[in-house]
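This report refers to the structure that appears directly beneath it.
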Amino acid sequence: MSVQAPTRRQTAPGLRARKGGEPIVMLTSYHAHTAAMIDRHCDAILVGDSLGNVMHGFETTVPVTLDMMILHGRAVMRGSRQALVVVDMPFGCYEASKEEAFHAAARLLKETGCGAVKLEGGVRMAETVRFLCERGIPVMGHIGLTPQSINTLGSFRAQGRQADSWAPIENDARAIAEAGAFAVVIEAVAEPLARKITQEVAIPTIGIGASAACDGQVLVLEDMLGLSPKVPKFVRRYGNLGQAIEDAVTAFAADVRSRGFPAAEHVYGMEREG
């Protein structure tokens, strides 16, 4: 009898080695069932702090807690088998000190079983990224538009649309790469700048509202499936599940009110005696 070999998960070093090769596919997931559906199609699954918006109805990602990330990270790990699972470090758990960041990141790895963490920030977080990497924690960076900084940014506006604003963003990318991150997300950055950064840094760039020249792409699953009421310009909707769900619920409500559901095939009869 043949025994099927267990599926090996993608690893952070494996994705790091994909620089300049076949583009990396990454989507978000916050549940076991969606993780199971996307797992075989993705190289990496991001348990993003966007779950604050998508799952919990927050206006920003700022209220998301470490415990929330652990809860959803566990679910995604249970639902997936082969993709590298990357869990976001939420606002407030890593900025104060590199030691605090290590304890938070260690909790994420130990309590979820994920393969890497992601944190926002460039030059200002480089020392922390280096500290984590040197202590065995794979880190994915995140530069450009950083949603956790919304209270200082003022709005979710694209970055690098004026040439004189490029240098700080390029410096952020270089600092994260040199600190040891295995990849970096570039969000909502002018296309020529994202293309230039991809050519300049030695680690894979994962674009979201950046450039097709990036080494990979990520989107929020609910955005691309048409489940989010409002999405950024950079989202392409690959489905319209929101309308499909509403149609199904409308049909269900009509059947209940007309007593057309449940029908005979949906209820239980009596067992025969003897």
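Data for the structure
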{"read-out": "G20 vs. criteria farther than 15 Å from A83 by Cβ, modelled with pLDDT of 95 or more and in contact with a helix residue (DSSP H, G or I) (Cβ under 8 Å, 6 or more places away or on another chain)", "value": "no"}
{"read-out": "Residue tally, condition closer than 19 Å to N171 by Cβ and without any contact (Cβ under 8 Å) to a residue 60 or more places away in the chain, over the stretch 134-148", "value": "5"}
{"read-out": "When residues of the stretch 205-230 are limited to those that are polar (S, T, N, Q) and open to solvent by 10 Å² or more (accessible area, probe 1.4 Å), the one farthest from E246 (Cα to Cα)", "value": "Q217"}
{"read-out": "Residues of the stretch 127-147 satisfying the condition of being over 20 Å from A194 (Cα atoms), of a type outside the set (V, I, T) and surrounded by fewer than 24 Cβ atoms within 10 Å (Cβ to Cβ)", "value": "E127, R130, F131, C133, E134, R135, G136"}
{"read-out": "Residues (in contact with a His (Cβ under 8 Å, 6 or more places away or on another chain), over 15 Å from A44 (Cα atoms) and either open to solvent by 30 Å² or more (accessible area, probe 1.4 Å) or not in a helix (DSSP H, G or I) (or both)) located in the stretch 68-126", "value": "M68, L119, E120, G121"}
{"read-out": "Answer residue from the stretch 159-190, given it is of a type outside the set (G, A, S) and under 19 Å from the mean Cα position of the chain (by Cα) and is surrounded by the most Cβ atoms within 10 Å (Cβ to Cβ) among those", "value": "I186"}
{"read-out": "Residue match in the stretch 248-259 (condition: surrounded by 11 or more Cβ atoms within 10 Å (Cβ to Cβ), in contact with a helix residue (DSSP H, G or I) (Cβ under 7 Å, 6 or more places away or on another chain) and at pLDDT 95 or above)", "value": "no"}
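Each row is one residue, and each column tells you yes or no for (1) more than 23 Å from A75 (Cα to Cα); (2) aliphatic (A, V, I, L, M).
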| position | (1), (2) |
| --- | --- |
| A17 | yes, yes |
| G20 | yes, no |
| A32 | no, yes |
| H41 | no, no |
| V62 | no, yes |
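The values are calculated or read from the model by the stated rules, or taken from the named source; none is laboratory data. The model shown is predicted, which means the values in this text are computed figures rather than measured ones. Cβ coordinates were reconstructed from backbone atoms using ideal geometry, including for glycine residues, and neighbour counts include every protein chain displayed. Note: areas computed on protein heavy atoms with side chains; ligands, DNA, RNA excluded. Shrake-Rupley method; radii C 1.70, N 1.55, O 1.52, S 1.80 Å.
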